[in-house]
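Notes for the one structure printed next.
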Amino acid sequence: MEFGTKLIHAKTGIGEHYGAVSVPIYQVSTFNQEASDNDGKYDYSRSGNPTREALENTIAQLENGYAGFAFSSGMAAISSVLCLFKSGDEIVVSDDTYGGTYRVLTQLFNRFGIKAVFADTTNVAAVKEAITPQTKAIYLETPSNPFLSVTDIKEVATVAGEQEILTIVDNTFLTPYLQQPLELGADIVIHSATKYISGHSDVVGGLVVTATEPLANEIKFIQNAFGAILGPQDCWLLLRGLKTLKVRLEQQQKTAHQLAQWLQEHEEVEETFYPGLTSHPDYELSKQQTSGAGGMISFKLKTPEHAKQFLQDVQFASVGVSLGGVETILTQPATMSHASIPEAKRLERGITESLIRISVGLEEFTDLKQDFEQALEKHPQTAK
Ligand SMILES: *Cc1c(COP(=O)(O)O)cnc(C)c1O
C-alpha cells in the first residue's frame, strides 16, 4: 500500500464500530471485568486504551515498525525512551539537537548517572571516536535543529549495530512521509507529534516506534510503569491530523523550496540553510536518504538587531516556538527554542541571535514572500 493510502486505511486493530469511518474517542479510565481473575483486552487506560491503541498501531505501520506508543509530549516520549538506560551508560548524541533534549540529558538524566556525549554525528569518524565500551545508544536528530544538517542514518546504524549499540532517531522534522529511519537500520524512532503529525498547532504529544518485539516489550513496560501516556482526546486529534500529513507536507515542502531559493538570493540574508538547496553541503545525502527536504528552513541575517527587527516587522507569519502547523511560524532559536542551552555552548554551535528558523505553513508563497520582503527591507542593513 502506498504511503498516502496508508494514512487513510492503516489498520487500527481495534475492531469494528458500527462502520464508523472515524475512530471513536474512548473517554474512559477503567473497564468492567468479567471476573476478578479475567480481565479483557483492556483493564485501565494507563495500560491501554482503544483510541490510543488505534493511534499506536497507525504510527507503527507508517514507520514500518513492530509497535508504536503514544506519550503526553515529545519530551515524555524522549524521556521514556531514555528510561531504557541505567547508571554508567553513555549515549552519543547529535550536537545540533533540540534544546529540550539537551536539557533533559544534561540536567535530569545526568542525575541518574546516564552520560550524554555530544558529537557531530554528520561525521561518522566523530561518532566512532565518541563510542566507548559504556556506549549503549546513538541518538540522532536529522535533519538537525536549527541548521538542518544531515546525518547518514544507515552509516551510523551500521557502526552502532556492529557493537550492539542502539540507534535512536528523532524523526520530528521529516515524519515517516519523507524519512523512514527504521528502514535505514535504526532501532527506535521518536516524534514530537506536537509538530507535523498533529499539524494544526492544537495538541502536545509524543510517539515512539520500535523495530523489534523485545524493544517494544521494554517500551511498553516503561510506558505503563512511568505513566506519561497521551489521553484519548489528544490521540484522536493526532489520528485526524495524520490523515492529511501527506498533502500538508507536500505543499509546505513546495513552498519551502521556493522561499529558500528566494532567501538565498536576497541581499539582506547572510546565509540560508535548507537541505533541498543544491548549495547545502548535505544536499546529496538528503536526496539519498529522504524523499524530500521538508518544510523547515533556517537563515542568518547580518546582525542580531536586524533579526529582532524582522520578527517585529513580519505581519502574518506567527512568531513563536513550535513548528509543523498549517500556519508559518518564525523562531529565533537563540532566545526561544534553544534558550535552554547555555550561551557559550550555543555560540559554539553557531546559534547566534542573527539566526531565524522558519516552519513553512500552508499560506501561498507569494503572500509569504511579500510579507518577508517588506519586513527585510524596512530597516535594511545593506547600504543602497
Ligand atoms: C518540539 C520538539 C521536541 C519536544 O517535543 P514536545 O512535544 O514539545 O515535548 C523534540 N524534538 C524535536 C525535534 C522537537 O522539535
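The values are calculated or read from the model by the stated rules, or taken from the named source; none is laboratory data. Computed from a prediction, not measured in an experiment: that's the story for all the values here. Note that we place each Cβ from the backbone using ideal geometry, even for glycine, and neighbour counts take in every protein chain shown.
Any residue in segment 46-61 that is over 28 Å from V189 (Cβ atoms) and without any contact (Cβ under 8 Å) to a residue 24 or more places away in the chain?
Within segment 46-61 (the criterion being over 28 Å from V189 (Cβ atoms) and without any contact (Cβ under 8 Å) to a residue 24 or more places away in the chain), the answer is no, since none of the residues qualifies.
Among the candidates T244, T278, T272, single out the residue that is buried (at least 19 other Cβ atoms within 10 Å of the Cβ) and closer than 20 Å to F173 by Cα.
One residue alone meets the criteria, T272.
What number of residues in segment 333-350 are within 18 Å of the chain's Cα centre (by Cα), under 17 Å from E305 (Cα atoms) and touching a residue at least 24 places away in the same chain (Cβ under 8 Å)?
1
Scan segment 194-206 for residues that are near the ligand (Cβ under 7 Å from one of its atoms) and assigned to a loop (DSSP other than H, G, I, E, B) and jot them down.
T194, K195, V204, G205, listed by residue number.
Residues in segment 372-380: is at least one exposed (fewer than 15 other Cβ atoms within 10 Å of the Cβ) and at pLDDT 95 or above?
There is at least one residue in segment 372-380 that is exposed (fewer than 15 other Cβ atoms within 10 Å of the Cβ) and at pLDDT 95 or above.
For segment 268-276, state whether one or more residues are of a type in the set (F, W, Y) and in the same structural domain as V28 (by TED's automatic domain parsing).
No: segment 268-276 contains no residue that is of a type in the set (F, W, Y) and in the same structural domain as V28 (by TED's automatic domain parsing).
Considering only segment 275-326, state which residues are part of a loop (DSSP other than H, G, I, E, B), within 16 Å of the ligand (Cβ to nearest atom) and not aliphatic (A, V, I, L, M).
P275, T290, G294, G295, G320, S322, G324, G325
Search segment 63-81 for residues being assigned to a helix (DSSP H, G or I) and under 15 Å from the mean Cα position of the chain (by Cα), and hand back the single one that is nearest to the ligand (Cβ to nearest atom).
Residue satisfying both the conditions and the ranking: G74.
For segment 88-126, name all the residues that are charged (D, E, K, R) and either at pLDDT 95 or above or surrounded by fewer than 22 Cβ atoms within 10 Å (Cβ to Cβ) (or both).
Scanning segment 88-126 gives D89, E90, D95, R103, R111, K115, D120.
Out of V28, V23, which single residue is more than 16 Å from the ligand (Cβ to nearest atom), over 25 Å from the mean Cα position of the chain (by Cα), assigned by TED's automatic domain parsing to the domain that holds I190 and in a loop (DSSP other than H, G, I, E, B)?
Residue meeting the stated conditions: V28.
Answer yes or no: is there a residue in segment 35-43 that is surrounded by 12 or more Cβ atoms within 10 Å (Cβ to Cβ), touching a helix residue (DSSP H, G or I) at 6+ places or on another chain (Cβ under 9 Å) and either assigned by TED's automatic domain parsing to the domain that holds F221 or at positive phi (or both).
yes
Considering each of E265, E271 in turn, give the residue that is without any contact (Cβ under 8 Å) to a residue 24 or more places away in the chain and among the acidic types (D, E).
Testing whether each residue is without any contact (Cβ under 8 Å) to a residue 24 or more places away in the chain and among the acidic types (D, E) leaves just E265.
Considering V209, V156, which residue is touching a residue at least 24 places away in the same chain (Cβ under 8 Å), within 16 Å of the ligand (Cβ to nearest atom) and either touching a helix residue (DSSP H, G or I) at 6+ places or on another chain (Cβ under 6 Å) or part of a helix (DSSP H, G or I) (or both)?
On inspection, the qualifying residue turns out to be V209.
Among the residues of segment 108-121, count how many are within 16 Å of the ligand (Cβ to nearest atom) and farther than 19 Å from L347 by Cβ.
Within segment 108-121, residues that are within 16 Å of the ligand (Cβ to nearest atom) and farther than 19 Å from L347 by Cβ number 4.
Give segment 14-28 a look and list any residue that's modelled with pLDDT of 90 or more and under 12 Å from P50 (Cα atoms), or say none.
Within segment 14-28, V23, P24, I25, Y26, Q27, V28 qualify.
Any idea which residue in segment 3-33 is surrounded by the fewest Cβ atoms within 10 Å (Cβ to Cβ), counting only those that are free of Cβ contacts under 8 Å to residues at least 12 places away in the same chain and of a type in the set (A, V, I, L, M, F, W, C)?
Going through the qualifying residues, I end up with V21.
Taking segment 156-203, which residues are within 24 Å of V124 (Cβ to Cβ) and either at pLDDT below 95 or of a type in the set (S, T, N, Q) (or both)?
Within segment 156-203, T158, Q163, T167, N171, T172, Q179, Q180 meet the criteria.
Please go through segment 134-147 and give me each residue that is at pLDDT 95 or above, under 14 Å from the mean Cα position of the chain (by Cα) and either away from the ligand (no atom under 16 Å from the Cβ) or part of a loop (DSSP other than H, G, I, E, B) (or both), ordered by number.
Passing the criteria: T142, P143.
Going by the structure shown, is W262 at pLDDT 95 or above and either under 26 Å from F310 (Cα atoms) or outside the structural domain of T142 (by TED's automatic domain parsing) (or both)?
Spelling it out, W262 is indeed at pLDDT 95 or above and either under 26 Å from F310 (Cα atoms) or outside the structural domain of T142 (by TED's automatic domain parsing) (or both).
If you take the residues in segment 212-232 that are on the phi < 0 side of the Ramachandran plot and not in a helix (DSSP H, G or I), which one is surrounded by the most Cβ atoms within 10 Å (Cβ to Cβ)?
Residue satisfying both the conditions and the ranking: L230.
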